[in-house]
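The values are calculated or read from the model by the stated rules, or taken from the named source; none is laboratory data. None of the values given here were measured: they were computed from a predicted structure. Note that we place each Cβ from the backbone using ideal geometry, even for glycine, and neighbour counts take in every protein chain shown.
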């Protein structure tokens, strides 16, 4: 890794991004290999275990932190690009990400060349958010902050307009706020897994955070601001969640299985779309981690930084690798050609009632990360030593 290149980057941002990406792989390994990944929900308090719930909950930090930090990276790019140059880049990259999600990412997730089921997930919503940001960057930072804060804090008001049957909601409503699975042709459906609201607003707030990471900003002041803001956001979560009136459509309640499950209920917040409380309980700690890792150095930091510097490349190959491992295990465990397609699961080579216990998922996760590390490190070196235009889109 080139020291001169590293000196021009904010290492704590790369470190945090890399950390959440490593955690993200755990959830995706669970999707492809856990025995109950498709016949039960790890947040179902009637059937889950604390370890399984935690396995799912810890991965909640990934999407909001990644989108938030994408906004921060956009602001840092604005320090070396003109508004016109940055706007063009965001617009074209946003279109590319939407196209990548539909054409390539869905193929990697499903291994289905017929695209019977298309899911619009995090890559799609990052692309849409960048399209929004291509226009928003022309506004003053304070205005962007107010718009972003208003949307993040107020969007749960829209929950009251959700349809009892999501499939009957208007298409625009599914795109904007309420997840739904829609048939677009015989035997072909599209799942709006990540409705747009409030993701662009999360990116806006991350963009505003970038003002604390400019070259001349006092490091001690930045750490203090991050620690204070992160703590305040976590307190907002605790207070609003305790009051149990606003901020998440799923209210917490005392659980018949005991106090441990009541605590799990308290933290069982809504991801699709991300509620205000979901964003508070994930982004708040992320800000604290940014403060604590400002001067973190050593082998552990370098390990996560490698992943954080090549996010799009990592995301692409980690899905391919995990699904390929799933295919290998599918055949090793005795499945045949007749089990490749399961109408209840959008992925090929992934029967609904097939998989392994949770400890195997964790073992496979460690193996996946071990395989990905040298690949990502090599790609990072290639990207650092080449200035080809297309690399900025990957």
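Restricting attention to helices (runs of 4 or more DSSP H) lying wholly within region 193-300, give those where 3 or more residues are over 22 Å from the mean Cα position of the chain (by Cα) and without any contact (Cβ under 8 Å) to a residue 40 or more places away in the chain.
Details: elements: 199-209, 219-243, 259-267, 276-292.
It comes to 219-243, 259-267.
Can you find even one residue in region 340-358 that is free of Cβ contacts under 8 Å to residues at least 60 places away in the same chain and either assigned to a helix (DSSP H, G or I) or more than 22 Å from residue 31 (Cβ to Cβ) (or both)?
Residues of region 340-358 that are free of Cβ contacts under 8 Å to residues at least 60 places away in the same chain, as a first pass: 340-343, 351.
Checking the rest, the ones that are also either assigned to a helix (DSSP H, G or I) or more than 22 Å from residue 31 (Cβ to Cβ) (or both) come to none.
No, every residue in region 340-358 fails to be free of Cβ contacts under 8 Å to residues at least 60 places away in the same chain and either assigned to a helix (DSSP H, G or I) or more than 22 Å from residue 31 (Cβ to Cβ) (or both).
Of the conditions (1) surrounded by fewer than 21 Cβ atoms within 10 Å (Cβ to Cβ); (2) within 23 Å of residue 290 (Cβ to Cβ); (3) at pLDDT 95 or above, residue 25 fails just one. Which one is it?
Here residue 25 meets the rest and fails (1).
Only helices (runs of 4 or more DSSP H) wholly contained in region 57-114 count here; list those with 2 or more residues that are within 28 Å of residue 222 (Cα to Cα) and at pLDDT below 95. Even if it seems obvious, please write down each step before you answer.
Details: elements: 62-78, 83-100, 106-110.
Result: empty, no element qualifies.
Do we find that residue 123 is closer than 14 Å to residue 201 by Cβ and either touching a residue at least 60 places away in the same chain (Cβ under 8 Å) or in contact with a helix residue (DSSP H, G or I) (Cβ under 7 Å, 6 or more places away or on another chain) (or both) in this structure?
Working: closer than 14 Å to residue 201 by Cβ: no; either touching a residue at least 60 places away in the same chain (Cβ under 8 Å) or in contact with a helix residue (DSSP H, G or I) (Cβ under 7 Å, 6 or more places away or on another chain) (or both): yes.
For residue 123, the condition - closer than 14 Å to residue 201 by Cβ and either touching a residue at least 60 places away in the same chain (Cβ under 8 Å) or in contact with a helix residue (DSSP H, G or I) (Cβ under 7 Å, 6 or more places away or on another chain) (or both) - is not met.
Among the candidates 246, 163, which residue alone is over 30 Å from residue 79 (Cα atoms) and touching a helix residue (DSSP H, G or I) at 6+ places or on another chain (Cβ under 7 Å)?
On the way: 163 fails: touching a helix residue (DSSP H, G or I) at 6+ places or on another chain (Cβ under 7 Å).
After ruling out the rest, the residue left standing is 246.
Would region 206-228 turn up any residue that is touching a strand residue (DSSP E or B) at 6+ places or on another chain (Cβ under 6 Å) and either farther than 27 Å from residue 134 by Cβ or buried (at least 16 other Cβ atoms within 10 Å of the Cβ) (or both)? Talk me through it step by step, then tell me what you get.
Here is the first cut: in region 206-228, the residues touching a strand residue (DSSP E or B) at 6+ places or on another chain (Cβ under 6 Å) are none.
No; the residues of region 206-228 include none that is touching a strand residue (DSSP E or B) at 6+ places or on another chain (Cβ under 6 Å) and either farther than 27 Å from residue 134 by Cβ or buried (at least 16 other Cβ atoms within 10 Å of the Cβ) (or both).
Could you please find all residues in region 174-195 being buried (at least 19 other Cβ atoms within 10 Å of the Cβ) and touching a helix residue (DSSP H, G or I) at 6+ places or on another chain (Cβ under 8 Å)?
Across region 174-195, the qualifying residues are 174, 177, 178, 180, 192, 194, 195.
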